[in-house]
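Student: First, the structure itself, so that you have it in front of you.
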Amino acid sequence: MDRRETAALLAYVGRLDPRIVRTDPGEVRDQLTQWHALLGDQDDGVPLVTGHGWDARVAARRHIRSSPYPILPADIVRPWDLYRRERLARHSDPTPSVDPDDQAAWTAELVGTRRAVAAGTAQPAQARAITSGRDGVDPRLKARLREIGSPIPPAAREALAPYRPARAAREAAVTQGLPDALSVRCEWCQAPVGEPCRRRRIGPNDGVRAATPRATPHPGRLDLAAAQQAQRTEQVQQPALA
């Protein structure tokens, strides 16, 4: 808080506890200097109010109501330190939006976020549950992802295609508007959703010796995916026609 805010806090406290009121101009000046030295606007100063729950006047009023001793600046500094620790304990560092290779910018954003949380100018970032999906992603990261189009550059995607044929075939099908076979479970090889179909190797005793991934899905899986895609399209078109 600046000197005027310190003076306003002193005036407010004096109305609640007349024992700290000074009438001599020199004593008033010394008292204001003392309080401002402990609560002032330096880096570790105490703000008068913040937008997230801190008010020095509330801390002063609580002390006056609960303690028989005259209030001191330390009686406001202690609740402020507790407020800062509690907020930082609830804060989970979000991923900075800057380039991770720029170590200085990465560190500066982390430190700046922590200082804003501790100072009460920003809310603590809670750790998101795994089930929260993509709804809690930082908007700046979403904007950056829209700019580059994909986390994997097109050249790298093409270079990886021979090593993951099932994924490449799936991406090509989706790009061409064809049904995504991996969006349904395969009734032939029992491959779950999202996993490629498997080719089973049968041993002499009719037992399955191994199962290797197929580059292309089984025909029945393609038919099932096409049927579900047609059903979804029909469901979307029906409200429009209505």
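The values are calculated or read from the model by the stated rules, or taken from the named source; none is laboratory data. For clarity, every value in this text was computed on a predicted model and none was experimentally measured. Note that we place each Cβ from the backbone using ideal geometry, even for glycine, and neighbour counts take in every protein chain shown.
Student: So which residues in region 172-184 are within 33 Å of the chain's Cα centre (by Cα) and either in contact (Cβ under 8 Å) with a residue 12 or more places away in the chain or closer than 15 Å to Leu224 by Cα (or both), if there are any at all?
Tutor: Asp180, Leu182, Ser183, Val184
Student: Then there's this: Taking Leu178 and the conditions (1) modelled with pLDDT under 85; (2) part of a helix (DSSP H, G or I), which numbered condition does it fall short on, given that it satisfies the others?
Tutor: For Leu178, the exception is condition (2).
Student: Just checking, which of Pro124, Pro94, Pro68, Pro73 is surrounded by fewer than 15 Cβ atoms within 10 Å (Cβ to Cβ) and either in contact (Cβ under 8 Å) with a residue 40 or more places away in the chain or out of contact with any strand residue (DSSP E or B) (no Cβ under 8 Å at 6 or more places or on another chain) (or both)?
Tutor: Pro68
Student: While we're on this one: For region 140-165, enumerate the residues that are modelled with pLDDT of 75 or more and under 18 Å from Leu182 (Cβ atoms).
Tutor: Arg157, Leu160, Ala161, Tyr163, Arg164, Pro165
Student: Among the residues of region 11-24, is there at least one that is surrounded by fewer than 17 Cβ atoms within 10 Å (Cβ to Cβ) and either under 30 Å from Arg140 (Cα atoms) or touching a Leu at 6+ places or on another chain (Cβ under 6 Å) (or both)?
Tutor: no
Student: Could you list all residues from region 182-214 that are of a type in the set (Gly, Ala, Ser) and either in a strand (DSSP E or B) or modelled with pLDDT of 85 or more (or both)?
Tutor: Of everything in region 182-214, those that are of a type in the set (Gly, Ala, Ser) and either in a strand (DSSP E or B) or modelled with pLDDT of 85 or more (or both) turn out to be Ser183, Ala191, Ala210, Ala211.
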